[in-house]
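Before any comments, here is the structure.
The values are calculated or read from the model by the stated rules, or taken from the named source; none is laboratory data. Being a predicted model, the structure only gives us computed values, none of them experimental. So basically every Cβ, Gly included, is an ideal-geometry build from the backbone, and we count neighbours across all protein chains shown. Quick note on the areas: whole protein, heavy atoms, side chains included, nothing else; ligands and nucleic acids left out. Shrake-Rupley method; radii C 1.70, N 1.55, O 1.52, S 1.80 Å.
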Amino acid sequence: MRTALRWLLSLVVLIGTASAAGISTATAAEESSATAAATDIKDRLLAVPGMSLIEEKPYAGYRYFVLNYTQPVDHRNPKAGTFQQRITVLHKDVSRPTVMFTSGYNVSTNPSRSEPTRIVDGNQVSVEYRFFTPSRPQPADWSKLNIWQAASDQHRIFKALKPIYGQNWLTTGGSKGGMTATYYERFYPRDMDGVVAYVAPNDVVNKEDSAYDTFLANVGPKDCRVALQKVQRETLVRRDALEKKYKDFLDANNYTVNTVGSVDKAYEATVLDLFWGFWQYQPESACADVPDAATVSDDDLFSYVDEVGGWASYADQGLTQYTPYYYQAGTQLGSPDIKQPWVADLSRYGYQPPRNFVPRDIPMKFEPSAMRDVDSWVRHNATRMLYVYGDNDPWGAEPFRLGKGARDSYVMHAPHANHGANVAALEPADKELATARILDWAGLSGTTALAAHDRKLDRPGVQRGMSLRP
């Protein structure tokens, strides 16, 4: 009897001790969480190992930080050196979802919101793509510029910031940024809760580009296509006179063409981009502005090509910023090789490959398996992924497609939209579905979290005077 009593008393004491310990642990966790919440967000960000502040810019309703984050040059060999990768954080509240955005190029250091960030009314972490200056290792080992290394950059940023931003995460980007979001999901499919990829090209077989030719033969109103083709042809017919203007333009701006190799090659490269560039960036309403090739003056013709294509595009000073893109296009991403038969008899060089736009001291070798791997993975494994394309955008001629293995994933097309296509431009039923899925992936199912439009934060990117780049 006494033995049983002692056992019962011991059990009561043990339970009481365990309960007290549980309360103590829970209290400690709550206190720790409360302490973290009370700490200024800048201090929390700068407490992340490898994070440093470049500047903070005030913006009503947000905190906006431009930061550097220390990354390995080679994620497979972290001891081989580091570089500083520039990122920005548009902070709203740690209780809101977070969107990781990348353009696939440089990051803007002015606050802005991607469409998914506005839809979920959340935070946004924007990432500069490795090797775009200033986020370039020194010295630059170009072999470390590939889609896996870039995806690993994003993975480390997510792992570093997830303890601060603990709610759901989405990743997004347009064009090369949409490709980047896709590659990140392919290599790190457990990081993000959803992917929204806009106008993302998918050049699976680089040597087979007939889809682009078919698209360009049918895009938009026929009379607009014909007018543009005549303008493009006329610019090559008047090559001697207009090339003198081009040479004067280069000299006046102290531009050089050493990378392409000659004024003539740079001139033709710009002209051959005209047709594609129009449909990539111009609305159908701009068809009314296409000049009459038979009567347009040399000055007006030269100005029109500059407006649509940009005469600076293939000067060294125009190419330098985009060297990382052309390197990737020539080593993994692929690039269009379009025929444009209406100017074939006037073309001296054809549609020039990415190798022509990268300095010769940077070695390049194409890896044909890279895009085939990604395409196969998306077809069979896509989960919570949304692709949005514009019907008039040439880059959408080779889109990502979904197979039987895809789950809760969608490919949608915005009618008459170009390379700026977004969810807002979709047909009403698609727009409703896309918005609902984005909210659900962000952990906001059943809500209408759309933030009020802000003309500065939500201004569309202005695309003008650019050569053919996604």
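Which ones in the stretch 372-399 are farther than 23 Å from Lys207 by Cα, in a helix (DSSP H, G or I) and without any contact (Cβ under 8 Å) to a residue 40 or more places away in the chain? Within the stretch 372-399, His380 is the sole residue that qualifies.
On the stretch given as the stretch 116-127, residues that are in contact with an Asp or Glu (Cβ under 9 Å, 6 or more places away or on another chain) and either among the aliphatic types (A, V, I, L, M) or under 16 Å from Tyr322 (Cα atoms) (or both) total 1.
With the requirement that a residue be within 30 Å of Gly318 (Cβ to Cβ) and out of contact with any helix residue (DSSP H, G or I) (no Cβ under 6 Å at 6 or more places or on another chain), what does the stretch 153-166 give you?
Residues of the stretch 153-166 that are within 30 Å of Gly318 (Cβ to Cβ), as a first pass: 153-154, 157.
Correct list: Asp153, Ile157.
Out of everything in the stretch 140-196 that is in contact with an Asp or Glu (Cβ under 7 Å, 6 or more places away or on another chain), open to solvent by 40 Å² or more (accessible area, probe 1.4 Å) and in a helix (DSSP H, G or I), what residue ends up being farthest from Ala329 (Cα to Cα)? Within the stretch 140-196, the match that is farthest from Ala329 (Cα to Cα) is His155.
Please go through the stretch 336-371 and pick out each residue that is aliphatic (A, V, I, L, M) and in a loop (DSSP other than H, G, I, E, B).
Residues satisfying the conditions are Ile338, Val358, Ile362, Met364.
If you check Asp248, Asp213, Asp292 for being of a type in the set (D, E, K, R), assigned to a loop (DSSP other than H, G, I, E, B) and open to solvent by 10 Å² or more (accessible area, probe 1.4 Å), only one passes: Asp292.
Among the listed residues Leu402, Leu433, which satisfies the condition of being open to solvent by 10 Å² or more (accessible area, probe 1.4 Å) and part of a helix (DSSP H, G or I)? Steps first, please.
On the way: Leu402 fails: part of a helix (DSSP H, G or I).
Exactly one of Leu402, Leu433 is open to solvent by 10 Å² or more (accessible area, probe 1.4 Å) and part of a helix (DSSP H, G or I), namely Leu433.
Which residue is nearest to Trp142 (Cα to Cα), if the candidates are limited to the stretch 348-375 and must be open to solvent by less than 70 Å² (accessible area, probe 1.4 Å) and either in contact with a Leu (Cβ under 6 Å, 6 or more places away or on another chain) or among the hydroxyl-bearing types (Ser, Thr, Tyr) (or both)? So, considering only residues that are open to solvent by less than 70 Å² (accessible area, probe 1.4 Å) and either in contact with a Leu (Cβ under 6 Å, 6 or more places away or on another chain) or among the hydroxyl-bearing types (Ser, Thr, Tyr) (or both), the one nearest to Trp142 (Cα to Cα) is Phe357.
Looking at the stretch 168-216 only, could you name the residues that are hydrophobic (A, V, I, L, M, F, W, C) and under 27 Å from Gly122 (Cα atoms)? Walk me through how you get there before you give the answer.
Taking the stretch 168-216 first, the residues hydrophobic (A, V, I, L, M, F, W, C) are 169-170, 179, 181, 187, 192, 195-197, 199-200, 204-205, 211, 215-216.
Passing the criteria: Trp169, Leu170, Met179, Ala181, Phe187, Met192, Val195, Val196, Ala197, Val199, Ala200.
Restricting attention to the stretch 76-101, the residues that are within 23 Å of Phe131 (Cβ to Cβ), out of contact with any Asp or Glu (no Cβ under 8 Å at 6 or more places or on another chain) and surrounded by fewer than 21 Cβ atoms within 10 Å (Cβ to Cβ) total 7.
Taking each residue of the stretch 59-71 that is more than 14 Å from Leu45 (Cβ to Cβ) and looking for partners that are open to solvent by less than 50 Å² (accessible area, probe 1.4 Å) and basic (Lys, Arg) with beta-carbon atoms closer than 8 Å, six or more apart or interchain, yields Gln71/Arg130. Against the condition basic (Lys, Arg), over 19 Å from Asp298 (Cβ atoms) and either open to solvent by 70 Å² or more (accessible area, probe 1.4 Å) or at pLDDT below 95 (or both), how does Lys222 come out, does it pass? Spelling it out, Lys222 is indeed basic (Lys, Arg), over 19 Å from Asp298 (Cβ atoms) and either open to solvent by 70 Å² or more (accessible area, probe 1.4 Å) or at pLDDT below 95 (or both).
Listed by first and then second residue, the pairs with beta-carbon distance under 6 Å, at least 6 apart or on different chains, first residue in the stretch 306-324 and within 13 Å of Leu272 (Cα to Cα) and assigned to a loop (DSSP other than H, G, I, E, B), second hydrophobic (A, V, I, L, M, F, W, C) and at pLDDT below 95, are Gly310/Met466.
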